[in-house]
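Since every read-out is calculated from the coordinates, none of them should be taken as a lab result. Predicted model only: the values in this text are computed from it and were never measured. Note that each Cβ is placed from the backbone with ideal geometry, even for glycine, and that neighbours are counted across all protein chains shown.
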Amino acid sequence: MDKTAIGAATRGTEQEICKLRVQSTPEEISHFHELLDRCEELGLCNVINFSEMFANKGTSKYYRAYSDVIIRTEGENE
């Protein structure tokens with residue numbers, strides 16, 4: 001991870017990036033994105049990015065999206 005832009009941005013900190021893949025219907029993925037945004041507003045995490053939705057092969061119902069999130073611990077300042 002140290003060779004990525006995200007790795008460079010967090011190098012020297014104790015924060016770990018949680019890489020998420022969400023697979024569901026477009027409506028449920030949008031709802032999950034809203035939940036992550038709300039968690040960020042509450043100071044529980046930092047959402048680094050949230051990708052666009054990608055269609056899964058072989059189905060028109062399910063999509064996937066990716067996100068990088070830093071989970072904050074108690075007492076951690078912004």
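Placing +1 on the Cβ of every Lys and Arg and -1 on the Cβ of every Asp and Glu, with no other charges, gives region 16-71 a dipole of roughly 380 debye about its Cα centre.
Under a 5 Å amide H cut-off, with hydrogens placed 1.01 Å from N, residue 72 pairs with 45, 46 among residues at least 5 apart or on other chains. The HN-Hα couplings worked out from phi for region 23-33 by the Karplus form 6.51 cos²θ - 1.76 cosθ + 1.60 (θ = phi - 60°) are 10, 5, 6, x, 5, 5, 5, 4, 5, 4, 4 Hz, whole numbers, x standing for Gly and Pro.
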